[in-house]
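FYI, it's all coordinate maths here, none of it is from the lab. Every value quoted in this text rests on a predicted model; they were computed, and no experiment measured them. Positions of Cβ are generated from backbone atoms using ideal geometry, with glycine treated the same way; all protein chains shown enter the neighbour counts.
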Ligand code: 4AD
Ligand code: MG
């Protein structure tokens, strides 16, 4: 057996000294031909490994370079140096993997996030990305824990589908037909997808919701957590072409139950990360504070990262209707002084991210749940309100991010749903399986989707969504 080692995190948490230990990890730096800063990814903190002068062969020491992978054994002793309580006094050092110092792109200095994005395969080995992806991992675990504790069934909905769940999404097509013009054609010249792999045209899913609804009509409480794909040409700090979404769907919930679930859920997972990733979050808070200092005063966030998270878990989200939000926006000085790119002049407009951010960052200064949107700007499956104009939709808006959750109570009334589908030109015959849930034992139900990366952005304070997913996919980029 080779893997007999202690993780750096465990060694640093333990105050004991004078015992033998073996560590393995990657060299962050090597000072004075004597002090190795070793990191194994278990924590952002490095273990100091001391190679006492004269005890090691020069040929070994030459290979202790930034990026190299080593195994070191020796005594854990009290550290004389500053910044750590214990260190490893090495009696043996073995090189597991060399790293050519001339060529290794990461140097023991600050690199820009843009540069690190180009070497996403190596950025895991930096402090910032170490912290980000440990927090991402914790949030993912907390999501499963939250739903598991509440008796939800984790449902795997398909990645390849024949349906367009949102009725509007731009989708990536999935096909095995040749692209060189030789694909089989119908009489009218269009591609004959009957000849395609699935015997029909298919795409990558934009949401697991519709399949999730089917499962909720049997298990009552389900959630999905998987990748979703949108081929929208959005080059923003909040959009990815491939992102992960969590979609709970709950039988017998109405819109208010849905909001309560979403708020409890968000607070729970933030609290989990605060308890389990204290050092990582403190590191990220520090990083963000430095980034903020570069900005002009009026653009700086009012709260630091820790303060913001603390505030969010300890305060109620502000709840208001779309109609109330429009009134606030319309009457705002910001609107009167024409500072919005899209002026707010009438009820019915779709809210732009500048409007959402005004509400959360300037007006309420806390997360906001907006509900009861005009039916014209929302999906066909949302439950129609008695006013004939709005649907039982809800979006949660977060400071610094904008929309983080989108959801609704679903239209469970067969006739109304069918009529809405017709109005919105959604082919009912292709959605027969979905309509079956309304034909056979339908019931009031509701659900929502949380964009996982936007949540990770919120908790880590990272400005660009491309820096919170290991290998981001966005227009003109699918490297790695
Ligand atoms: O608001 P959306 O489009 O809602 C749905 O897909 C529903 N089917 C959810 C449901 O009711 N089950 O997307 C939900 C969330 C958004 O609020 C946002 O956080 C995230 O998914 N999202 C994206 N995240 C990153 N990149 C993109 N291109 C995203 N599009 C949506
Ligand atoms: Mg939405």
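Here are the numbers for this structure:
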read-out: In degrees, nearest ten, helix 127-149 long axis to first principal axis of the chain (Cα); value: 50 degrees
read-out: Overall form of region 71-122 per C-alpha gyration tensor (a/c, 1.5; a/b vs b/c); value: oblate
read-out: Label-point gap, in nm, between residue 29 and residue 17 - each point 7 angstrom along Cα→Cβ; value: 2.3 nm
read-out: Rg over Rh, two decimals, region 277-421 (C-alpha only, Kirkwood Rh); value: 1.06
read-out: Rounded if a/c under 1.5, otherwise prolate or oblate - region 307-387, Cα gyration tensor axes; value: oblate
read-out: Nearest-ten-degree value, helix 209-219 long axis tilted from longest Cα axis of the chain; value: 90 degrees
read-out: Translational diffusion of region 344-480, µm² s⁻¹ [Kirkwood Rh, Cα pairs; Stokes-Einstein; 25 °C; 0.890 mPa s]; value: 143 µm²/s
read-out: Computed Rg/Rh of region 115-168, alpha carbon atoms with Kirkwood Rh; value: 1.17
read-out: Along each principal axis, Cα extent of region 15-101, largest first, Å; value: 35, 29, 21
read-out: Kirkwood hydrodynamic radius of region 401-477, from inverse mean 1/r over distinct Cα pairs, in Å; value: 15.6 Å
read-out: Per-q log10 I(q)/I(0), region 343-423, q = 0.19, 0.22, 0.26, 0.27 Å⁻¹ (Debye; single scatterer per alpha-carbon; no solvent); value: -0.83, -1.00, -1.20, -1.25
read-out: Calculated FRET efficiency for the pair residue 424/residue 310, C-beta based, R₀ 45 Å, to 0.05; value: 0.55
read-out: CD proxy at 222 nm, helix term only [per DSSP H run n ≥ 4: -39500 (n - 2.57); per residue of the chain; nearest 500]; value: -9000 deg cm²/dmol
read-out: Point-to-point label distance, residue 195-residue 342, nm (Cα→Cβ direction, 7 Å offset); value: 4.3 nm
read-out: Alpha carbon convex hull of region 228-356, volume per residue in cubic angstrom; value: 182 Å³
read-out: Gain upon complete extension [residue 415, residue 180; 0.36 nm per residue less C-alpha separation]; value: 80.1 nm
read-out: Projected label distance in nm at residue 478 and residue 117, using a 7 Å step from Cα toward the beta-carbon; value: 1.9 nm
read-out: Cα convex hull of region 107-222, projected area averaged across orientations, nm²; value: 12.2 nm²
read-out: Region 87-151: Rg to Rh, with Rh as the Kirkwood radius over Cα pairs; value: 1.16
read-out: Cβ-Cβ FRET estimate between residue 75 and residue 257, R0 fixed at 51 Å, reported to 0.05; value: 0.30
read-out: 37 °C / 0.692 mPa s Stokes-Einstein diffusion coefficient of the chain, Kirkwood radius on C-alpha pairs, µm²/s; value: 129 µm²/s
read-out: Cα gyration tensor shape of region 1-52, rounded if a/c is under 1.5, else prolate or oblate by comparing a/b with b/c; value: rounded
read-out: Calculated FRET efficiency for the pair residue 463/residue 334, C-beta based, R₀ 22 Å, to 0.05; value: 0.50
read-out: Between helix 322-331 and the chain: long-axis angle, C-alpha atoms, 0 to 90°, nearest 10; value: 80 degrees
read-out: Inter-part distance where region 338-373 and region 13-82 are each reduced to a Cα centre, Å; value: 53 Å
read-out: Convex hull of Cα atoms in region 1-159, direction-averaged projection (nm²); value: 13.4 nm²
